[in-house]
Amino acid sequence: MLSPRQPMFRVLRTLPRLQHASRRWSSTEPPPAGGHSYTIGTSSLLKPTRDVALRTQGLQWVDPMDSDPSRDMLGRETRKMNMYQAIRDALSIALSKDDTAIVFGEDVAFGGVFRCTMGLAEEFGRERVFNTPLTEQGIAGFGIGYAAMGHTAIAEIQFADYIFPAFDQIVNEAAKYRFRSSGDFDAGKLTIRCPSMAVGHGGHYHSQSPEGFFMGAAGIKLVIPRSPIQAKGLLLSSIRDPNPVIFMEPKILYRSAVEQVPIDDYEIPLGKADVLRRGSDLTVVSWGTPIYTCESALELLAKPPQSISQHVPPSVRSARVELIDLRTIMPWDVETVVESVQRTGRLVVVHEAGRIGGVGAEIGAEIQKKCFLKLNAPVKLVTGWDMPVPMQYEKFYMPDNIRILDAMVETLTF
């Protein structure tokens, strides 16, 4: 008999060896051809209608039309956008409202490799939207100098994987500029955008999640959106925040995440997590693309298919799980996560980056300190493996819904 607490991915590997060849044509339901996969486009977390979109939690209109927030949305309109279109819309608003704002980076005048700046050079002129040489250190350094003059600098690093040559400029200059000048100078008007996270085939130079490298850089903020509405509101907040911000955009969501997005100027506050589902038995924290993987794992927990149902005890299938999108990684919303874990007594953190030195380790340490007497199980991390993102087997590197399901079952049955 297999223990339900045995890690599921190990159990699933042993199943073929446990079955005799004569049982090859067993009546047991075979796994689906694509595995227990999910489709981001059909996620219930996305907002497909105008009414739902305009009621997005935390959305703040920059130009209120009515003093009563409940009536302010009556004259508002939305448009169907994917995430790169929502980001382009945010950049257009920033450029049109701030004459000092500029957008620069590798190939941005041509629209960028992911089309996020498409048409902006033609709309606002090539003196405000322009290409740079292939030097990430130079892009960051130029942005710091421009922001130090009191102007709005919106830089693009073509991939988050390429941000490391700019590490010294970001960590030793942008982050410390206000501190070292006793507040006389700062680079607070600098925002650095960069496509991040895996796509399934990007490998070790195009699928990294480097947010953990910046956790110790006091003085900067780091934001990762999960959807078009979130991306537009969080990006506009980042551009207008008085601190330098790194804005990492999960590249697989550029086209796969589609919502009705308000066309007016709005912001979503930084530093505030978004509770997507309320629960009382377990807290799951994530951000970016893995949010949708967590959603899929919650569906497997409640209704496991026959092929894996023996590994999901009936006692945990009715568990009420709280799902939290952290959104702002630096500074992360300690208060919301602590309040949740104090109610649920359990925490699972999911991210694509490796475990050692990752954001999940920092969250786990803080929760162990603040919620120790309330915990009913150890904090569980589900992350990428501690190795470079592989070229051929990238999907085995990323946390999938089976690994997350296994962590939830293990935590709930501890």
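Rule-based calculations on the coordinates, nothing more; no lab input. As the structure is a computational prediction, the values presented were derived from the model and not from experiment. No Cβ is skipped: glycine too gets one built from the backbone with ideal geometry, and neighbour counts run over all protein chains shown.
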Open item on the list: With the crude spin-label approximation of a point 7 Å out along Cα→Cβ, what separation in nm comes out for Val113 versus Thr49?
Closed with: 4.0 nm
Task: Along principal axes, Cα extents of the chain, largest first, whole Å - done: 72, 48, 45
Task: Anchor Lys369: aspartates and glutamates whose Cα lies under 16 Å away (excluding residues fewer than 8 positions away in-chain) - done: Asp333, Glu335, Glu339
Open item on the list: Over 22 Å between Cα atoms: which of Lys189/Lys272; Lys47/Lys221; Lys303/Lys374; Lys251/Lys395; Lys232/Lys272 fall into that group?
Closed with: Lys47/Lys221; Lys303/Lys374
Task: Cut-off 14 Å between beta-carbons: net charge of the residues surrounding Gln368, Lys and Arg +1, Asp and Glu -1 - done: +3
Open item on the list: What FRET efficiency comes out for Lys370 versus Phe185 if R0 is 41 angstrom and r is the Cβ-Cβ distance? Round to the nearest 0.05.
Closed with: 0.70
TODO: Compute the whole-percent fraction of alpha carbon pairs in the range 40-267 spaced more than 29 Å apart.
DONE: 25 percent
Open item on the list: Please report the spacing between the Cα centers of the range 99-148 and the range 314-342 in Å, no decimals.
Closed with: 37 Å
